[in-house]
Amino acid sequence: MGLTLTEKILSSHLVDGVMEKGTEIGIRIDQTLTQDATGTMAYLEFEAMGVPRVKTERSVAYIDHNTLQSGFENADDHRFIGSVCKKHGIYFSRPGNGICHQVHLERFGIPGKTLIGSDSHTPTGGGIGMIAIGAGGMDVAVAMGGGAYYITCPKVVKVNLTGKLSPWVAAKDVILEVLKRLSVKGGVGKVIEYCGEGVKTLSVPERATITNMGAELGATTSIFPSDEITRQFLKAQDREDAYTPLSADPDAVYDEEIEINLSELVPLAACPHSPDNVKSVAEIGNMKIDQVCIGSCTNSSLLDMMKVAHILKGKTVHPDVSLSIAPGSKQVLNMLAENGALAIMIDAGARILESACGPCIGMGQSPNSKGISLRTFNRNFEGRSGTKDGQIYLVSPEMAAASALAGVLTDPRDLGDMPEFKLPEVFTINDNMIVPPVSESEMDTVEVLRGPNIKPFPVAEPLAETIEAGVSLKVGDNITTDHIMPAGAKILPLRSNIPKISEHCFAVCDESFPKRALEMGKSIVIGGSNYGQGSSREHAALAPLYLGVKAVITKSFARIHMANLVNAGILPLTFENEADYDTIDAADVLEIANVEKQLRAGNTLVVTNKTKGKSFNVNIAVSERQKDMLYAGGLLNYTKING
Ligand code: MIC
Ligand code: SF4
């Protein structure tokens with residue numbers, strides 16, 4: 001029986017467990033990446049592990065999220081990360097060099113290698129045939145120290161692509177179509193593998209758009225084969241030696257199959273407030289818009305920008321629309337400057353932003369009240385833009401640019417003939433903003449620079465014999481990490497200060513939560529299904545830990561957040577009978593007696609609702625290794641005990 005590409009790469013990296021779907025496996029990690037908003041914590045954790053030099057083949061730290069320096073905090077954190085990198089063997093991509101996923105694809109990614117990153121969009125690397133997975137900072141720290149990364153051995157879904165995209169229909173429309181069909185929880189426990197004749201019609205940046213936004217499916221990752229197109233891309237990046245051809249065996253067996261005929265796709269948009277709320281332009285109508293933002297790790301490649309420049313050429317942005325553009329990397333921005341496309345954009349009235357995440361993470365460009373904003377990004381969760389009642393639609397760069405000129409949502413196919421957009425044969429390469437580490441013999445000469453905003457992170461206590469605690473918060477379905485630990489320009493600078501950032505925990509749902517939780521001392525949070533979807537930020541577990549949350553009981557969890565809870569020593573529990581969710585009210589007191597004894601006996605625990613005088617069962621979907629972590633009080637304590 002033949003193997004899928006996913007199985008080939010995973011099995012060649014297997015260091016623990018067996019390749020049996022649904023069971024836990026440990027894989028060797030070749031590369032890691034961090035960004036600054038999760039990186040400070042990840043490097044503090046790495047330091048706490050006491051490993052002098054990273055043991056990966058390549059580890060890179062990027063500064064791309066917290067680049068709006070409205071106080072000393074972010075600049076201090078950048079310096080801290082830069083100095084840790086220099087000392088411990090990590091490459092440091094300086095602010096201005098670009099968004100982590102875009103730069104990693106350009107300069108570091110290698111087909112067939114494993115990559116984990118402390119950012120949920122790390123699967124962008126799947127665009128060149130990597131197994132690239134988003135993880136919590138602590139998992140990345142462990143991988144940098146040479147430890148395995150653990151995942152549930154995934155099911156593999158084949159997306160068979162046929163045909164060819166019609167003019168002005170984009171890679172973004174492919175992933176929006178997949179999201180429409182599978183939903184934001186449809187990918188949980190799965191890797192999405194793209195195959196078929198249609199693959200050959202997609203360039204590397206287009207493939208990367210698709211794997212990037214596979215994160216929104218809740219998938220472990222997404223991957224494309226590594227083929228002639230991959231070789232050409234790597235060659236143009238002067239990295240042809242990184243190329244290996246890779247694909248699934250012709251007789252590979254998949255767990256599920258989906259067919260997408262690229263020729264039949266039409267321009268799509270994800271409507272507020274979920275990436276799977278997908279409709280066609282025809283269905284939405286010619287809605288008036290206020291803002292357009294082009295960029296983010298999903299759609300900021302040179303190819304995307306060249307299409308935008310072509311559409312904007314000689315025109316002016318509609319008077320009622322603000323258009324901002326953030327090219328994904330210094331390489332992209334440089335090439336736009338060299339080939340004149342930047343001048344075209346400026347001429348049309350675009351507000352050019354630095355190469356960074358920017359508006360995608362609420363760092364500036366928040367829309368006006370109730371403003372309708374078209375964005376080429378990957379997430380449109382409520383409040384994420386920084387404007388609570390902002391209405392965010394996720395679209396392709398083609399649709400974004402056409403609409404910015406028209407002032408209303410516009411089908412890009414109305415633009416008429418589309419020229420052929422080709423990737424350059426040679427990209428402009430200048431890695432002068434990537435600082436290599438010093439050699440091991442010199443590492444003692446490097447001083448790690450810590451600003452006053454960096455506070456020690458909370459470490460959980462070993463598991464209590466009995467947890468008796470009140471319910472501090474009850475929330476509904478599809479709670480994102482942007483609800484649990486909001487980002488944005490005001491809160492992001494606190495990423496290295498858990499006590500301070502905790503004051504904003506769950507602010508989107510209930511501003512009184514942090515105070516109440518602290519007063520309660522210990523508490524339990526109740527959630528609905530797909531709890532914790534979205535980002536990899538471990539702050540969504542560390543802040544609750546700091547506020548005394550001992551367990552979260554939900555209908556179901558998103559993958560990375562659940563792992564982060566375990567890493568933080570918080571019990572992630574799911575209702576055996578979902579109807580029990582309705583019987584619990586905020587402030588009810590729940591008791592889980594003899595927790596360790598119950599966990600040692602199996603994966604079902606009894607919870608007593610002391611207020612209602614009722615008991616119900618909850619399940620815990622963790623491995624024996626994760627149970628040991630929970631007994632110890634989280635991954636750091638566990639690593640200290642187990643070396
Ligand atoms: C995001 O897109 O939500 C982020 C910001 O990139 C996060 C990481 C973070 O919260 O720092 C992610 O996707 O993991
Ligand atoms: Fe940055 Fe947005 Fe990509 Fe997250 S999704 S890495 S915030 S560009």
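The values are calculated or read from the model by the stated rules, or taken from the named source; none is laboratory data. This one's a predicted model, so the numbers in the text were calculated from it and none came from an experiment. Neighbour counts run over all protein chains shown; Cβ positions are idealised from the backbone, glycine included. Just so you know, the surface numbers come from the protein's heavy atoms only, side chains and all, with ligands and any DNA or RNA stripped out. Shrake-Rupley method; radii C 1.70, N 1.55, O 1.52, S 1.80 Å.
Per Stokes-Einstein, at 37 °C and 0.692 mPa s, what whole-number D in µm² s⁻¹ belongs to segment 582-643, with the Kirkwood radius over Cα pairs as the hydrodynamic radius?
Translational diffusion coefficient: 250 µm²/s.
Show T152, T124 ordered by accessible area, largest first, where the area counts protein heavy atoms only and the probe is 1.4 Å.
Sorted descending by solvent-accessible area, the residues read T152, T124.
So, for the chain, what is the accessible surface per residue at a probe of 1.4 Å, expressed in square angstrom?
Per-residue accessible area for the chain comes out at 35 Å².
Let me know the Rg and Dmax you get for segment 364-520 when you use only its Cα atoms, in Å.
Calculated on Cα positions, Rg and Dmax stand at 23.3, 69 Å.
Okay, which of segment 273-315 sit inside 16 Å, backbone N to the point 7 Å along the Cα-Cβ direction of E264?
Within reach of a label on E264, which here means backbone N under 16 Å from a point 7 Å along Cα→Cβ, segment 273-315 contributes 280.
Which residues does the label zone of D628 cover in segment 100-143, counting backbone N under 17 Å from a point 7 Å along Cα→Cβ?
Output list for this probe position: 139, 142-143.
Grab the other residues whose beta carbon is less than 13 angstrom from that of A601, score K and R as +1, D and E as -1, and report the net.
Counting the neighbours of A601, the net charge comes to +1.
Output wanted: per-residue J couplings in Hz (rounded whole) for segment 520-526, from phi through Karplus 6.51 cos²θ - 1.76 cosθ + 1.60, θ = phi - 60°, x for Gly and Pro.
Residue by residue, segment 520-526 yields 6, x, 10, 7, 10, 10, 10 Hz.
Rounded to the nearest 500, what is the chain's calculated 222 nm mean residue ellipticity when only DSSP H runs of at least 4 contribute -39500 (n - 2.57) each, over all residues? Let's see the in-between values first.
Values: 22 runs with 189 residues, N = 643.
Computed ellipticity for the chain at 222 nm equals -8000 deg cm²/dmol.
How much of the DSSP bridge set in the chain is antiparallel, in percent, rounded to the nearest 5?
Close to 35 percent.
What distance in nm separates the simple spin-label points at S369 and N642, each placed 7 Å from Cα in the Cβ direction?
If labels sit at S369 and N642, their model points lie 5.3 nm apart.
Do you know the Lys pair count in segment 1-100 for C-alpha distances under 30 Å, with sequence separation 8 or more or different chains?
5
Mean projection of the alpha-carbon convex hull of segment 208-256 over all orientations, in nm²?
So the mean shadow area of the Cα hull is 4.5 nm².
Quote the charge dipole size of the chain about the Cα centre in Debye, to the nearest 20; the model charges only the Cβ of Lys and Arg (+1) and of Asp and Glu (-1).
Using Cβ point charges on Lys, Arg, Asp and Glu, the chain gives about 800 debye.
N577 versus D320, label points 7 Å from Cα toward the beta carbon: distance in nm?
Distance between label points: 5.4 nm.
Which distance in Å, rounded to a whole number, links the C-alpha centroids of segment 378-456 and segment 522-539?
If we compute the Cα centre of each part, the gap is 26 Å.
If you take every residue apart from D510 with its C-beta less than 12 Å away from the C-beta of D510, what net charge results, scoring Lys and Arg +1 and Asp and Glu -1?
So the environment of D510 carries a net charge of +2.
Tell me, what HN-Hα J-couplings in whole Hz come from the Karplus equation 6.51 cos²θ - 1.76 cosθ + 1.60 at θ = phi - 60° for each residue of segment 138-151, using x for Gly and Pro?
Coupling constants for segment 138-151: 5, 5, 5, 4, 5, 5, 5, x, x, x, 6, 10, 9, 9 Hz.
If you split all Cα-Cα distances of segment 541-612 into 10 Å bins from zero, what percentages do you get per bin, shortest first?
17, 50, 33, 0
Among DSSP beta bridges lying fully in segment 73-219, give the percent that are antiparallel, nearest 5. Display every interim value, and only then the final one.
Details: 1 of 11 bridges.
Expressed as a percentage, antiparallel bridges in segment 73-219 total about 10.
S120's amide H: which non-local residues (gap 5+, or another chain) put their own amide H closer than 5 Å, with H modeled 1.01 Å from N in plane and none for Pro or chain starts?
Here S536 satisfy the definition.
If you take the C-alpha gyration tensor of segment 192-344, multiply each eigenvalue by 5 and take the square root, what semi-axes do you get, largest first, in whole Å?
One finds semi-axes of 30, 24, 13 Å for segment 192-344.
Dipole magnitude of segment 436-494 about its Cα centre, charges +1 at Lys/Arg Cβ and -1 at Asp/Glu Cβ only, in debye to the nearest 20?
For this selection, approximately 420 debye.
Can you give the Rg to Rh ratio of segment 439-575, both from alpha-carbon atoms, with Rh computed by the Kirkwood formula?
Checking Rg against Rh, the ratio lands at 1.04.
Quick one: which residues, 5 or more positions from T162 or on another chain, have an amide H under 5 Å from its amide H? H modelled 1.01 Å from N in the peptide plane, none for Pro or chain starts.
Under 5 Å from the amide H of T162 lie the amide H atoms of G198, I260, N261, L262, each far enough along the sequence or on another chain.
Among S222, H561, C153, whose Cα sits farthest toward the positive end of the charge dipole of the chain (+1 at Cβ of Lys/Arg, -1 at Cβ of Asp/Glu, about the Cα centre)?
Value: H561.
For the chain, with all protein chains present and a 1.4 Å probe, just round the carbon and sulfur fraction of the accessible area to a whole percent.
50 percent
Looking at segment 487-626 only, what percent of DSSP beta bridges run antiparallel? Nearest 5 please.
Rounded to the nearest five, the antiparallel share is 55 percent.
So what are the three principal axis dimensions of segment 69-221 from its Cα atoms, in whole Å, longest to shortest?
Principal-axis extents of segment 69-221 (Cα, largest first): 49, 35, 27 Å.
Provide the per-residue ³J(HN,Hα) series for segment 111-126, in order, calculated from phi with Karplus coefficients 6.51, -1.76, 1.60 and θ = phi - 60°, each as a whole number of Hz, with x at glycine and proline positions.
So the Karplus estimates, Gly and Pro as x, are x, x, 8, 9, 9, 10, x, 7, 7, 5, 8, 3, x, 3, x, x Hz.
P(r) for segment 162-273: what percent of alpha-carbon pairs falls in each 10 Å bin, starting at zero?
Calculated P(r), rounded to whole percents: 13, 44, 34, 9, 0.
5 Å is the cut-off here: which amide hydrogens, built 1.01 Å from N in the peptide plane, fall below it relative to D389, excluding neighbours closer than 5 in sequence?
When sequence neighbours closer than 5 places are left aside, the close amide H contacts are K370.
Assuming R0 = 30 Å, what is the FRET efficiency of C509 and N430, from their Cβ-Cβ distance, to the nearest 0.05? Mind showing how you got there, number by number?
Numbers: r = 45 Å, r/R0 = 1.51.
About 0.10, to the nearest 0.05.
Taking the Cα centre of segment 368-474 as origin and charging only Cβ (+1 Lys, Arg; -1 Asp, Glu), how large is the dipole, in debye to the nearest 20?
Computed charge dipole of segment 368-474: roughly 700 debye.
So, R0 is 51 Å and r is the distance between the beta-carbons of E440 and K610; what FRET efficiency does that work out to, to 0.05?
0.35
From a point 7 Å beyond the Cα of K313 in the direction of its Cβ, which residues of segment 422-442 have a backbone N at a distance under 13 Å?
Under cut-off, by backbone N: 422.
Semi-axes of the equivalent ellipsoid of segment 317-356: what are they in whole Å, largest first, if each equals the square root of 5 times a C-alpha gyration tensor eigenvalue? Can you show the working numbers first?
Values: eigenvalues 74, 29, 4 Å².
The equivalent ellipsoid of segment 317-356 has semi-axes of 19, 12, 5 Å.
If you average the alpha carbon positions of segment 85-156 and of segment 247-325, how far apart do those two centres end up, in angstrom?
25 Å
So if each residue of separation counts as 0.36 nm, and I subtract the Cα-Cα distance between R351 and L449, what length gain in nm does that give? Don't skip to the end; give the middle numbers.
On the way: separation 98, 0.36 × 98 = 35.28 nm, distance 3.44 nm.
Between R351 and L449, full extension yields 31.8 nm more.
Report the semi-axes of the equivalent ellipsoid for the chain in whole Å, largest first, where each axis is √(5λ) for an eigenvalue λ of the Cα gyration tensor.
Three semi-axes, in Å: 37, 27, 25.
Subtract the Cα-Cα distance of E57 and K422 from 0.36 nm times their separation in residues, and report this length gain in nm to one decimal.
Gain on stretching E57 to K422: 128.2 nm.
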